[in-house]
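To keep things clear, I will list the structure first and then write my remarks on it.
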Amino acid sequence: MAVFTAVSLDDARAWIAQFPLGEARAVRGIASGIENSNFFLTTDAGEYVLTIFENLSFEQLPFYLELMKHLADRGILVPAPVPNHEGKLCVPLHGKPAAIVSKLAGESQLAPQPVHCAAVGTMLAKMHLAGREFPLQQPNLRGLDWLNETAPKVLPHLDRDRAELLKAEMHFQNAFYSSGLHHALPRGPVHADLFRNNVMFVGERLTGFFDFYFAGVDTWLFDLAVTVNDWCVDLATGVLDAARVRALTDAYAAVVPFTIAEQEAWQPMLRAAALRFWMSRLYDYYLPREAEILTPHDPTHFERILRERIAVPAPHLI
Ligand SMILES: Nc1ncnc2c1ncn2[C@@H]1O[C@H](COP(=O)(O)OP(=O)(O)O)[C@@H](O)[C@H]1O
Ligand SMILES: N[C@@H](CCOP(=O)(O)O)C(=O)O
């Protein structure tokens with residue numbers, strides 16, 4: 001789990017008084033997630049999700065919460081943040097930034113079929129379009145700068161083979177990110193962590209994307225690559241499943257057709273997306289933070305995916 005900061009029912013009662021949601025009736029820590037402390041909160045008004053942000057500051061949070069509100073207002077299925085009586089979306093709890101958002105119906109689809117991937121591709125493309133007029137700016141905080149800062153911290157923990165892979169891929173990605181091809185890619189606010197566990201379904205109906213707390217302005221193609229590397233992968237081998245990739249990317253392209261640059265950049269971007277999560281998992285594994293209960297994600301999963309994306313040509317986007 002990740003409950004880094006505990007919240008009792010009394011804590012929740014006192015805190016919720018500043019929102020138009022009636023009284024808190026029950027609070028329950030959520031046993032998944034690795035970034036923030038999350039709780040299901042039952043109030044007189046219904047079911048909500050309370051998040052205490054462990055790593056993001058009061059200055060950074062408006063980007064995420066206003067983005068969710070912007071998208072929700074435009075019909076994109078995402079949790080809607082609830083303003084307090086003063087109109088604020090983010091207010092302190094135990095001295096840390098905290099927010100309350102609507103609870104999405106359903107559950108994560110952890111064994112997706114092409115039909116689920118198509119629904120994700122359609123909503124992802126709609127989300128990218130809806131984000132175009134979003135006025136706030138914040139870079140992807142897990143982008144290239146962060147990779148360059150983090151690589152030297154994890155490298156001393158790796159054996160020679162892994163260290164060589166990491167160094168070589170960092171070199172490759174620095175060249176890719178500074179190329180004209182990368183600069184030609186469409187950009188805007190992206191989710192940047194749209195894994196299976198961050199989307200809800202009721203049956204085959206997608207009910208929402210959530211966990212926007214890695215969102216930032218980056219290329220749309222990076223968002224797509226992160227999504228495909230999780231939704232369309234055979235978990236045991238890291239190999240992409242052609243039918244799921246086809247379903248997801250065709251559904252995306254039906255809403256936002258791919259540019260020539262996106263088609264050319266697809267394979268390096270799948271590698272970039274694999275590297276980003278290999279790096280964060282290595283960091284969390286070798287340099288863990290304190291938590292009441294914590295299940296670290298397995299870094300070798302993304303090492304395998306990265307090796308596979310380097311070795312095997314990516315399926316064409318069209
Ligand atoms: N808006 C929401 N609606 C329904 N469930 C949610 C919502 N937000 C979070 N959850 C639940 O909380 C769990 C952890 O949330 P998540 O945002 O992934 O945590 P973290 O930011 O720590 O990685 C999710 O797997 C999901 O079950
Ligand atoms: N998706 C990332 C970790 C981020 O955790 P999440 O629960 O917020 O998605 C990974 O799998 O490494």
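Of note:
- Of the residues making up the stretch 24-47, those that are more than 16 Å from ligand 2 (Cβ to nearest atom), of a type outside the set (A, V, I, L, M, F, W, C) and in contact with a helix residue (DSSP H, G or I) (Cβ under 9 Å, 6 or more places away or on another chain) number 2.
- Residue list for the stretch 177-206, restricted to those being surrounded by fewer than 20 Cβ atoms within 10 Å (Cβ to Cβ), hydrophobic (A, V, I, L, M, F, W, C) and either over 22 Å from the mean Cα position of the chain (by Cα) or within 16 Å of ligand 2 (Cβ to nearest atom) (or both): L181, A184, F195
- Meets criteria (of a type in the set (A, V, I, L, M, F, W, C), within 16 Å of ligand 1 (Cβ to nearest atom) and within 27 Å of M68 (Cα to Cα)) for W231: yes
- Every pair of residues 6+ apart whose Cβ atoms lie under 7 Å, when the first sits in the stretch 185-203 and is within 18 Å of M68 (Cα to Cα) while the second is in a strand (DSSP E or B) and more than 16 Å from ligand 2 (Cβ to nearest atom): R187/V217; R187/T219; G188/V217; P189/V217; V199/L206; M200/T207
- Of all the residues in the stretch 302-318, those that are surrounded by fewer than 19 Cβ atoms within 10 Å (Cβ to Cβ) and outside any loop (DSSP other than H, G, I, E, B) number 3.
- Lone unmet requirement of (1) touching a strand residue (DSSP E or B) at 6+ places or on another chain (Cβ under 9 Å); (2) within 16 Å of ligand 1 (Cβ to nearest atom) for T122: (2)
- Of all residues in the stretch 214-228, those satisfying the criterion of being within 24 Å of L136 (Cα to Cα) and either modelled with pLDDT under 95 or more than 16 Å from ligand 1 (Cβ to nearest atom) (or both) are F214, V217, D218, T219, W220, L221, F222, D223, L224, A225.
- Residue among R246, R289 that alone is assigned to a helix (DSSP H, G or I) and charged (D, E, K, R): R246
- Screening S57 with (1) within 16 Å of ligand 2 (Cβ to nearest atom); (2) over 30 Å from V245 (Cβ atoms); (3) of a type in the set (S, T, Y) gives one miss only, at (1).
The values are calculated or read from the model by the stated rules, or taken from the named source; none is laboratory data. Since the model is a prediction, treat every value here as computed from it, not as a measurement. Glycine gets a Cβ as well: all are built from the backbone with ideal geometry, and neighbour counts include every protein chain shown.
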